[in-house]
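Beneath this line is the structure, given in structure tokens, with notes to follow.
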Amino acid sequence: MGTSSAPVVLATAEAAVVDAVESVAAALRVGVTVVTTPDAALAAWAGARVVLVGPDIAPALASEGVRRRPRAYLLGFDPWGVAPWSVALGAEVIVLPQAVAWLTDILGADDADACPVVAVVGGSGGAGASTLAAGLALAAAERGVASALVDADPVGGGLDLLLGAERLPGHRWGRMAGAQGEVGDVRGLLPRVEGVTLLSMARDAGELPGAGAVAAVTRSLARHHGLVVLDAGRTPWPAARALVRSAWPTMLVASAGVRAVASARAVVTALELDGAGVVVRAVPGVRVPPELVAEALGLELWGQVPFDRGVVAAAEAGEPPWLGRSRWGRAVAGLLETVLARAGDDDRS
Ligand SMILES: Nc1ncnc2c1ncn2[C@@H]1O[C@H](COP(=O)(O)OP(=O)(O)O)[C@@H](O)[C@H]1O
Ligand SMILES: [Mg+2]
């Protein structure tokens with residue numbers, strides 16, 4: 001989360017890049033702090049609202065192995081001058097002068113009042129990512145944190161089915177696909193399930209929203225809730241990918257088991273999840289220690305979720321998973337604490 005008081009930092013000594021950014025910033029009346037050395041860029045990396053890195057500073061920052069953060073961008077007039085550092089920095093590439101409109105969006109977006117957006121990614125099919133995402137949103141609402149659950153998995157089958165909400169009136173993504181730029185409060189348009197605002201994929205052949213619509217609607221939800229939970233699936237759908245990149249924190253749900261872990265490793269690479277935490281879903285009959293799963297994935301272990309037959313039964317009955325006092329419910333409540341703490345830790349304001 002950033003605030004307007006946190007600066008926009010531009011790290012470059014290239015005059016043409018500085019000029020381009022400053023002219024956009026001036027039009028928006030946004031202040032930019034220009035730093036010209038890798039050390040100064042490193043010092044500003046975590047605390048800035050937005051970080052823009054030029055081609056001269058990018059290699060040094062990348063070799064420092066900085067921690068990924070949302071709203072970090074590489075920019076320059078030559079895409080090949082910055083693109084090689086995109087993966088290492090977890091930063092998207094802004095090519096000047098073509099992408100000035102995008103730069104305007106980035107510098108103009110005021111997310112001072114945006115809540116944390118946690119992305120939940122499944123390491124393999126059926127790992128329990130959607131169920132955990134729903135559980136986190138329900139647990140948040142239960143403890144008084146207004147939450148929204150956003151379906152960003154076009155092949156996940158639709159979250160309304162998971163929550164027994166398929167007959168509730170309100171919009172699904174198909175009706176929101178045209179959203180752009182600054183979107184107002186959309187809460188009134190969306191179904192609510194047990195206090196959770198739900199934005200599900202349409203299960204008919206509804207229009208798939210583009211990356212711009214997904215970002216705009218999610219930003220709006222983040223301004224009107226205390227927590228947004230994204231069910232990001234694991235497909236490399238560009239809109240979900242961009243969303244996962246801008247979300248913080250990110251959680252990977254991995255089933256214990258050799259093949260599930262192999263699959264999860266591929267997902268970590270494909271979606272560039274190296275800053276994510278891992279949650280291990282227990283599987284009956286499989287005794288792989290969660291620490292080992294985390295180690296194999298090279299991710300920090302954030303917790304475990306027990307196998308719970310009640311969860312399967314609720315899903316089959318078309319009811320939201322019941323948190324109650326079950327072991328599953330307690331595990332979800334614990335993970336919610338972790339998520340909120342992580343979001344707070346890395347509060348870049
Ligand atoms: N903790 C759990 N214990 C038992 N079954 C679970 C658990 N979490 C999810 N499931 C079941 O596993 C199946 C896949 O879950 P889902 O959340 O859709 O996975 P994903 O989104 O990762 O593909 C569903 O039938 C669901 O009810
Ligand atoms: Mg799913």
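The values are calculated or read from the model by the stated rules, or taken from the named source; none is laboratory data. This one's a predicted model, so the numbers in the text were calculated from it and none came from an experiment. A quick note on method: Cβ atoms are made from the backbone with ideal geometry, for glycine too, and the neighbour counts reach across all protein chains shown. Side chains included, ligands, DNA and RNA excluded: accessible areas come from the protein's heavy atoms. Shrake-Rupley method; radii C 1.70, N 1.55, O 1.52, S 1.80 Å.
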| Condition met for ALA58 (open to solvent by less than 60 Å² (accessible area, probe 1.4 Å), within 18 Å of ILE94 (Cα to Cα) and touching a Phe, Trp or Tyr at 6+ places or on another chain (Cβ under 6 Å)) | yes
| Exclusive hit being surrounded by fewer than 16 Cβ atoms within 10 Å (Cβ to Cβ), of a type in the set (A, V, I, L, M, F, W, C) and assigned by TED's automatic domain parsing to the domain that holds SER124, set ALA211, ALA222, ALA202 | ALA211
| said: Restricting to the stretch 143-152, name every residue that is more than 13 Å from ligand 2 (Cβ to nearest atom) and over 18 Å from ALA341 (Cβ atoms). | reply: ALA146, ALA148
| Among (1) in contact with a helix residue (DSSP H, G or I) (Cβ under 6 Å, 6 or more places away or on another chain); (2) open to solvent by less than 20 Å² (accessible area, probe 1.4 Å), where does PRO191 come up short? | (1)
| query | buried (at least 24 other Cβ atoms within 10 Å of the Cβ) and assigned by TED's automatic domain parsing to the domain that holds LEU138, is that true of GLY233? | reply | yes
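Yes/no per residue for (1) over 17 Å from the mean Cα position of the chain (by Cα); (2) more than 16 Å from GLY122 (Cα to Cα):
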site: ARG203; (1), (2): yes, yes
site: ALA211; (1), (2): no, yes
site: LEU221; (1), (2): no, yes
site: VAL228; (1), (2): no, yes
site: MET251; (1), (2): no, no
site: VAL267; (1), (2): no, no
site: VAL278; (1), (2): no, no
site: PRO290; (1), (2): yes, no
| note | Quick count over the stretch 185-216, residues being in contact (Cβ under 8 Å) with a residue 12 or more places away in the chain and in a loop (DSSP other than H, G, I, E, B), is 16
| task | Tell me which of these LEU162 doesn't satisfy, since it passes every other one: (1) at pLDDT 95 or above; (2) within 16 Å of ligand 2 (Cβ to nearest atom). | result | (1)
| said: If the requirement is being crowded, with 24+ Cβ neighbours inside 10 Å and more than 30 Å from GLU207 (Cβ to Cβ), which of these qualifies: VAL278, VAL288, VAL283? | reply: VAL278
| field | Per-region count, the stretch 162-215, residues among the hydrophobic types (A, V, I, L, M, F, W, C) and at positive phi | value | 0
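One line per residue, one yes/no per condition, for (1) more than 27 Å from VAL283 (Cβ to Cβ); (2) within 16 Å of ligand 1 (Cβ to nearest atom); (3) part of a helix (DSSP H, G or I):
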residue: ASP105; (1), (2), (3): yes, no, yes
residue: ALA114; (1), (2), (3): yes, no, no
residue: ALA119; (1), (2), (3): no, yes, no
residue: GLY126; (1), (2), (3): no, yes, no
residue: LEU149; (1), (2), (3): no, yes, no
residue: VAL155; (1), (2), (3): no, yes, no
residue: LEU161; (1), (2), (3): no, yes, yes
residue: GLY164; (1), (2), (3): no, yes, no
| said: Looking at the stretch 258-290 only, could you name the residues that are touching a residue at least 24 places away in the same chain (Cβ under 8 Å) and within 13 Å of ligand 1 (Cβ to nearest atom)? | reply: ALA260, SER263, ALA264, VAL267, VAL279, VAL280, ARG281, ALA282, VAL283, VAL286
| Counted residues, the stretch 146-161 - those being open to solvent by less than 30 Å² (accessible area, probe 1.4 Å) and either on the phi > 0 side of the Ramachandran plot or not acidic (Asp, Glu) (or both) | 7
| note | When ALA137 is run through (1) in a loop (DSSP other than H, G, I, E, B); (2) touching a residue at least 40 places away in the same chain (Cβ under 8 Å); (3) more than 11 Å from ligand 2 (Cβ to nearest atom), the failure sits at (1)
| task | Look at ALA41 and say whether it is surrounded by fewer than 18 Cβ atoms within 10 Å (Cβ to Cβ) and not hydroxyl-bearing (Ser, Thr, Tyr). | result | no
| Evaluation of GLY81 against (1) touching a Pro at 6+ places or on another chain (Cβ under 7 Å); (2) of a type outside the set (Val, Ile, Thr); (3) within 16 Å of ligand 1 (Cβ to nearest atom) (one fails), failing number | (3)
| query | (1) open to solvent by less than 30 Å² (accessible area, probe 1.4 Å); (2) at pLDDT 95 or above; (3) within 16 Å of ligand 2 (Cβ to nearest atom): which one isn't true of VAL244, the others all being true? | reply | (2)
| Before we move on, is THR131 open to solvent by 10 Å² or more (accessible area, probe 1.4 Å), outside any loop (DSSP other than H, G, I, E, B) and within 14 Å of ligand 1 (Cβ to nearest atom)? | yes
